[in-house]
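Asker: Structure in structure tokens, see below.
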Amino acid sequence: MRRPAAAALCAGLLLLAGCMGPAGQQRPEPADGRAQDPAHPAGRPRPPVVDHVPTRDPVVFLTYDDGAERAPRFVRLVRDRRLPVSMFLTDNVVGPGYGHFARLRAVGASLQNHTLDHPVLRGLPYAGQRAEICGQQHKLRSRFGVRPTLLRPPHGADDAVTLRAAADCGISAVVLWRASLGPDGVLTYTRGGPGLRRGDIVSVPSGGTASPTLTDRTLRLLGEIEEQGLRVGRLEDYL
């Protein structure tokens, strides 16, 4: 056999076998430029991090954090307005108030993951981040029979390890926000100019005791949304 033909045959066999070639030669990095971690083999796609959803629909998305405020009046508002809100729950904040969120779920709210103990995830090792995320997945599943697909990292702080841990816990998207409703009911924006835009994700954190109630702040926000020709969409339908 001629030498060029033998070389071609060997190259073909190497391609079919997925060989590394000579001992010690590293595989090429993945197409996204991140080296593969041998302790965390590729396979689960890392979830996207979103604060806005590209859409032509005139919708924005209302997301509520922590679970500290538990008012029956808010449940009635969600029911009467048929608001498809997303509740990101922290276990050590919700505590004995899971019954309130069962009622919210019954009137159309979705329940999502905000970790067990509300730590800053960024910078924590993989095991710690996975325990916080997967632990709350298990809590919500045992309480409500649901397995969340969305994660809001506390304080909006995430890193590459967060995405790895989130993927391993069954999370499909990490949700931040472009607009946030303050305790005084005023919207602030993380980027871009002021004013709501279609596809914006709005964060509504728990307010202090001296602030307007969660229901009052939501009513004011709904008025602003309607004035701009928008409506509330269900975030889970767009991610």
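The values are calculated or read from the model by the stated rules, or taken from the named source; none is laboratory data. The structure presented is a predicted model; accordingly, all values stated were derived computationally and were not measured. For neighbour counting, all protein chains shown are included, and Cβ atoms are generated from backbone atoms with ideal geometry for every residue, glycine included.
Asker: Kindly establish whether Gly229 is in contact (Cβ under 8 Å) with a residue 24 or more places away in the chain and either among the polar types (S, T, N, Q) or touching a strand residue (DSSP E or B) at 6+ places or on another chain (Cβ under 8 Å) (or both).
Answerer: Details: in contact (Cβ under 8 Å) with a residue 24 or more places away in the chain: yes; either among the polar types (S, T, N, Q) or touching a strand residue (DSSP E or B) at 6+ places or on another chain (Cβ under 8 Å) (or both): no.
Against the criterion (in contact (Cβ under 8 Å) with a residue 24 or more places away in the chain and either among the polar types (S, T, N, Q) or touching a strand residue (DSSP E or B) at 6+ places or on another chain (Cβ under 8 Å) (or both)), Gly229 does not qualify.
Asker: Filter segment 206-238 down to residues that are in contact with a Ser or Thr (Cβ under 7 Å, 6 or more places away or on another chain) and not charged (D, E, K, R) and give me whichever is nearest to Leu77 (Cα to Cα).
Answerer: Taking segment 206-238 first, the residues in contact with a Ser or Thr (Cβ under 7 Å, 6 or more places away or on another chain) are 235-236, 238.
Adding the requirement that they be not charged (D, E, K, R) leaves 235, 238.
Numbers: Leu235: 18, Tyr238: 23 Å.
Ranking the candidates gives Leu235 first.
Asker: What are the residues in segment 70-102 that are assigned to a helix (DSSP H, G or I) and either among the β-branched types (Val, Ile, Thr) or buried (at least 17 other Cβ atoms within 10 Å of the Cβ) (or both), if any?
Answerer: Restricting attention to segment 70-102, the residues satisfying the condition of being assigned to a helix (DSSP H, G or I) are 72-81, 91-102.
Across segment 70-102, the qualifying residues are Phe74, Val75, Leu77, Val78, Asp91, Val93, Val94, Tyr98, His100, Phe101.
Asker: Of a type in the set (Val, Ile, Thr) and out of contact with any strand residue (DSSP E or B) (no Cβ under 8 Å at 6 or more places or on another chain): is that true of Val161 in this structure?
Answerer: When the stated conditions are applied, Val161 passes them.
Asker: Which pairs turn up if I take residues in segment 142-168 that are of a type in the set (Asp, Glu) and look for partners that are surrounded by 18 or more Cβ atoms within 10 Å (Cβ to Cβ) with beta carbon separation below 7 Å, at least 6 apart in sequence or on another chain?
Answerer: Asp158/Leu121; Asp158/Val174; Asp168/Arg130
Asker: Quick test of your reading of the structure: His155 fulfils all but one of (1) surrounded by 19 or more Cβ atoms within 10 Å (Cβ to Cβ); (2) closer than 19 Å to Asn92 by Cβ. Name the failing condition by number.
Answerer: Condition (1) is where His155 drops out.
Asker: Then there is this: When you scan segment 119-151, how many residues do you find that are at pLDDT below 95 and assigned to a loop (DSSP other than H, G, I, E, B)?
Answerer: Of the residues in segment 119-151, 3 are at pLDDT below 95 and assigned to a loop (DSSP other than H, G, I, E, B).
Asker: Something else now. With respect to the numbered conditions (1) closer than 26 Å to Thr218 by Cβ; (2) without any contact (Cβ under 8 Å) to a residue 40 or more places away in the chain, which one is the sole condition not fulfilled by Ala102?
Answerer: Against the list (1) closer than 26 Å to Thr218 by Cβ; (2) without any contact (Cβ under 8 Å) to a residue 40 or more places away in the chain, Ala102 comes up short only on (2).
The rows are residues; the columns are (1) over 23 Å from the mean Cα position of the chain (by Cα); (2) surrounded by 16 or more Cβ atoms within 10 Å (Cβ to Cβ).
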position: Val161; (1), (2): no, yes
position: Ser172; (1), (2): no, no
position: Trp177; (1), (2): no, yes
position: Ser203; (1), (2): no, yes
position: Pro212; (1), (2): yes, no
position: Glu226; (1), (2): yes, no
position: Asp237; (1), (2): no, no
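Asker: Here is a further query. Among the residues of segment 180-189, write down those that are closer than 21 Å to Val59 by Cα, modelled with pLDDT under 95 and out of contact with any helix residue (DSSP H, G or I) (no Cβ under 8 Å at 6 or more places or on another chain).
Answerer: Listed by number, the residues that qualify are Gly182, Val186.
Asker: If I filter segment 174-192 for residues that are in contact with a His (Cβ under 8 Å, 6 or more places away or on another chain) and at negative phi, do I get at least one hit?
Answerer: Here is the first cut: in segment 174-192, the ones in contact with a His (Cβ under 8 Å, 6 or more places away or on another chain) are 178.
Applying the additional criterion that residues be at negative phi yields 178.
Yes, some residue in segment 174-192 is in contact with a His (Cβ under 8 Å, 6 or more places away or on another chain) and at negative phi.
Asker: Can you tell me which residue within segment 44-58, out of those that are surrounded by fewer than 17 Cβ atoms within 10 Å (Cβ to Cβ) and touching a strand residue (DSSP E or B) at 6+ places or on another chain (Cβ under 8 Å), is nearest to Asp200 (Cα to Cα)?
Answerer: The qualifying residue nearest to Asp200 (Cα to Cα) is Pro58.
Asker: Of the residues that make up segment 159-179, is at least one part of a loop (DSSP other than H, G, I, E, B), at pLDDT 95 or above and farther than 21 Å from Ser110 by Cβ? Full working, then the answer.
Answerer: Narrowing segment 159-179 to residues part of a loop (DSSP other than H, G, I, E, B): 159, 169-172, 176-178.
Those left that are additionally at pLDDT 95 or above: 159, 169-172, 176-178.
Okay, now just the ones that are also farther than 21 Å from Ser110 by Cβ, so 159.
Yes, there is a match, as at least one residue in segment 159-179 is part of a loop (DSSP other than H, G, I, E, B), at pLDDT 95 or above and farther than 21 Å from Ser110 by Cβ.
Asker: Next up: Just one of the numbered conditions (1) closer than 27 Å to Arg122 by Cβ; (2) surrounded by 17 or more Cβ atoms within 10 Å (Cβ to Cβ) is not true of Thr190; which one?
Answerer: (2)
Asker: A further question follows. For segment 107-118, what are the residues that are touching a residue at least 40 places away in the same chain (Cβ under 8 Å) and either at positive phi or part of a helix (DSSP H, G or I) (or both)?
Answerer: Within segment 107-118, just His118 meets the criteria.
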